[in-house]
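K.L.:
Please find one structure pasted underneath; my questions will follow.
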Amino acid sequence: MHPTALVTGAARGIGRQIAVSLAREGYAIAVVDTDFDGYREFDEAAGSVVDELREIGVPTIAVEASTTDVEAMQELGARIHQDWSRLDALVCNAGGGSGGFADNTAATIDLSALDDVLRRNLHGTITTVQAALPALRQATNPAIVTMGSLTGVVANPQGGYAHYGITKAAVMHYTRYLANELTPEGIRVNCVAPGLISTGRLRVRLSEQPEREKEIADRLGTPDEVAAAVRYLLSPATTHMSGQVLQLWPPDVR
């Protein structure tokens, strides 16, 4: 029987690569995103992640919904529980920021932007975990991986994007609290905190800041590297690891 995984924010970028890489390892995959055609914004030729998963040949559940939609996520959790009887892996990747990299400094944060990003990053993670827990509790060695960020560990020296960094810091500390609660049940909980990753969205934003693009071009990580870190945290190699944040960036990147 296939191991099973739920990956949120899987239409493109990091989430897509995580879902596809797990499918290639034989996982049955449930994917959630607000728009599975969202890849078209940055890579028209990429095709749908749902089609790619089905071409790989693994059982696939695909739901278009926001992870902040409590009812939709509860319905998905119940469907996974009913169809697959258990959930071995949960990857809470959905989220994101808003505005430009120079916007929303700590002293000028737009509160409506902060509310929106907080809902997507923190509320969405919490809602997903709560929906998935009944199925996770049926697995033998289940694992949860959340998605933090460099900006949640180190303040951006340019000052911008503080609203995003603050919410990612909250996700990382939520992960520690969740690990304290769930590890005694046999559910390990860890976090991946990537630095700048070469996704379509980031490449578009950097193209608007040529000096910044030139400065960091050779220090960008890849979605493959993040997916590899997630697979590691889901693997038997980390059975005794919980409540940790795995940081993915070169030491000189700030």
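The values are calculated or read from the model by the stated rules, or taken from the named source; none is laboratory data. It should be emphasised that the depicted structure is a prediction, and the values quoted were computed from it without experimental measurement. Glycine gets a Cβ as well: all are built from the backbone with ideal geometry, and neighbour counts include every protein chain shown.
K.L.:
With respect to the numbered conditions (1) in contact with a Gly (Cβ under 6 Å, 6 or more places away or on another chain); (2) farther than 24 Å from Glu225 by Cβ, which one is the sole condition not fulfilled by Leu136?
P.N.:
With respect to (1) in contact with a Gly (Cβ under 6 Å, 6 or more places away or on another chain); (2) farther than 24 Å from Glu225 by Cβ, Leu136 is out only on (1).
K.L.:
Which members of region 171-191 meet the condition of being β-branched (Val, Ile, Thr) and within 17 Å of Pro236 (Cα to Cα)? Before the answer, list the steps.
P.N.:
Initially, region 171-191 is screened for residues β-branched (Val, Ile, Thr), giving 171, 175, 183, 187, 189.
Listed by number, the residues that qualify are Thr183, Ile187, Val189.
K.L.:
Then there's this: Those residues that are touching a strand residue (DSSP E or B) at 6+ places or on another chain (Cβ under 8 Å), among the aliphatic types (A, V, I, L, M) and either over 20 Å from Arg119 (Cβ atoms) or not in a helix (DSSP H, G or I) (or both), I need them from region 148-184; list them, please.
P.N.:
If the condition is that a residue be touching a strand residue (DSSP E or B) at 6+ places or on another chain (Cβ under 8 Å), among the aliphatic types (A, V, I, L, M) and either over 20 Å from Arg119 (Cβ atoms) or not in a helix (DSSP H, G or I) (or both), then Leu150, Val153, Ala179, Leu182 are the ones that fit.
K.L.:
If you don't mind, there's one more thing I want to ask. State all residues of region 104-122 that are under 15 Å from Thr8 (Cα atoms) and buried (at least 19 other Cβ atoms within 10 Å of the Cβ); if no residue qualifies, say none.
P.N.:
Within region 104-122, Arg120, Asn121, Leu122 meet the criteria.
K.L.:
If a residue has to be touching a strand residue (DSSP E or B) at 6+ places or on another chain (Cβ under 9 Å) and at positive phi to count, how many in region 87-144 make the cut?
P.N.:
1
K.L.:
Right, another one. Given the structure, is Ala131 crowded, with 20+ Cβ neighbours inside 10 Å, touching a His at 6+ places or on another chain (Cβ under 7 Å) and farther than 26 Å from Gly221 by Cβ?
P.N.:
On the way: crowded, with 20+ Cβ neighbours inside 10 Å: yes; touching a His at 6+ places or on another chain (Cβ under 7 Å): no; farther than 26 Å from Gly221 by Cβ: yes.
In short, no.
K.L.:
Follow-up question, since we're still on this one. Looking at region 98-147, which of its residues are within 24 Å of Pro236 (Cβ to Cβ) and assigned to a helix (DSSP H, G or I)?
P.N.:
Across region 98-147, the qualifying residues are Thr128, Val129, Ala132, Leu133, Pro134, Ala135, Leu136.
K.L.:
Pick out the one residue from Gly99, Gly38, Gly77, Gly9 that is modelled with pLDDT under 95 and under 18 Å from the mean Cα position of the chain (by Cα). Spell out the reasoning first.
P.N.:
On the way: Gly99 fails: under 18 Å from the mean Cα position of the chain (by Cα); Gly77 fails: modelled with pLDDT under 95; Gly9 fails: modelled with pLDDT under 95.
Answer to the check: Gly38.
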